[in-house]
Amino acid sequence: MQFQQLQYFVAVAETRHFTRAADLVHVAQPSLSQQIKALERELGADLFRRARGNITLTDAGEALLPLARRILADADTARQEVQELAQLRQGRVRLGATPSVCTGLLPDVLRAFHDRYPGIRLLIEEGGSHDLVRELARGALDLALVVLPLPTPSPALTTVELLREDLVVVSSPDAARPGRGSRTVRVADLEGERMVMFRHGYDLRELTVAACRAEGFEPDFAVEGGEMDAVLGFVRAGLGVAVVPRMVAARSGRGLRVTPLARPGLHRTIALAHRSDVAPTRAARELQRMLLER
């Protein structure tokens, strides 16, 4: 009994027609008929009652059909499992993330993933949440780490909350401590402080500006338009203060004073997003698992 013969048998059983079955499995009708006859000889029983325009299953055919379907399904499962294992030896994962997440969260997780799956190429795209959502929607990314709430909620995306992170104020140790020297600083205390601000489209920019406006003032920018590394460098140089994630501040090394925000403070929620209508590859699912379990 050959696997191909079972495929042909199931096709005829489901279509009740040899020619349509041949089209379904992409084989010439005479070849399909020959293989069905060979299967019947192997089993020692007719599987079909053949009458012009009327093909029905015999008792033997009825008995074989669920078994054949199960064998084909098991073979398909085996094929998928092997292919997925192969995906963990070679391939790629396209991950989008906001720049601050790239700086704070990703290095340790990506190092662990690369150590476990050295054959998987990691393609990282930095951008704001709005840009990353658009790239996910058009299939240019497998996964993305975005800030919630999404700028434009999409029913085509699935999001899983990853972490809720405090924001802190960073300043140069050589400058006066923000908030009149207090151990903590309120958002209202940033009024009159010269600030180093991220470029437009940066989630942190929008969050910080909105928080300042909620306290009744417009932030005073000493420098604006930078990415994360540039903003931290400008703060170290004493050009102003900046509001950044605690994780980024902790990894940024010397040259920065970190001042927590007084309660209720400012926070952001990071989520892992992927398309709802496309199943992630095995490699992408493994990276997703490691991010969620970090």
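The values are calculated or read from the model by the stated rules, or taken from the named source; none is laboratory data. Here the structure is a predicted model, which is why all the values come from computation and not from measurement. Quick reminder, even Gly has a Cβ in these numbers, built from the backbone with ideal geometry, and neighbours come from all protein chains shown. Each accessible area value is taken on the protein alone, full model and side chains, heavy atoms only, with ligands, DNA and RNA left out. Shrake-Rupley method; radii C 1.70, N 1.55, O 1.52, S 1.80 Å.
Residue check: is R52 touching a Gly at 6+ places or on another chain (Cβ under 6 Å) and open to solvent by 30 Å² or more (accessible area, probe 1.4 Å)?
no
Scan region 79-106 for residues that are open to solvent by 50 Å² or more (accessible area, probe 1.4 Å) and assigned to a helix (DSSP H, G or I) and jot them down.
If the condition is that a residue be open to solvent by 50 Å² or more (accessible area, probe 1.4 Å) and assigned to a helix (DSSP H, G or I), then R79, Q80, E81, V82, Q83, L85, Q87 are the ones that fit.
Could you list, in sequence order, all residues of region 125-155 that are part of a loop (DSSP other than H, G, I, E, B) and open to solvent by 50 Å² or more (accessible area, probe 1.4 Å)?
Listed by number, the residues that qualify are R138, P149, P151, T152, P153, P155.
Of the numbered conditions (1) open to solvent by less than 50 Å² (accessible area, probe 1.4 Å); (2) closer than 26 Å to L132 by Cα; (3) of a type outside the set (A, V, I, L, M, F, W, C); (4) more than 28 Å from the chain's Cα centre (by Cα), S252 fails exactly one; give the number of that condition.
Failed condition: (4).
Taking R294 as the residue in question, decide whether it is loosely packed, with under 14 Cβ neighbours inside 10 Å, out of contact with any Pro (no Cβ under 8 Å at 6 or more places or on another chain) and either touching a residue at least 40 places away in the same chain (Cβ under 8 Å) or within 30 Å of R89 (Cα to Cα) (or both).
In short, yes.
If you take the residues of region 107-124 that are touching a Lys or Arg at 6+ places or on another chain (Cβ under 7 Å) and outside any helix (DSSP H, G or I), which of them is modelled with the highest pLDDT?
L123
Consider only pairs whose beta carbons are under 7 Å apart and that are at least six residues apart or on different chains; among these, list those whose first residue lies in region 102-117 and is on the phi < 0 side of the Ramachandran plot and whose second residue is open to solvent by 40 Å² or more (accessible area, probe 1.4 Å) and assigned to a helix (DSSP H, G or I).
The qualifying pairs are T103/R251; G104/M247; G104/R251; L105/M247.
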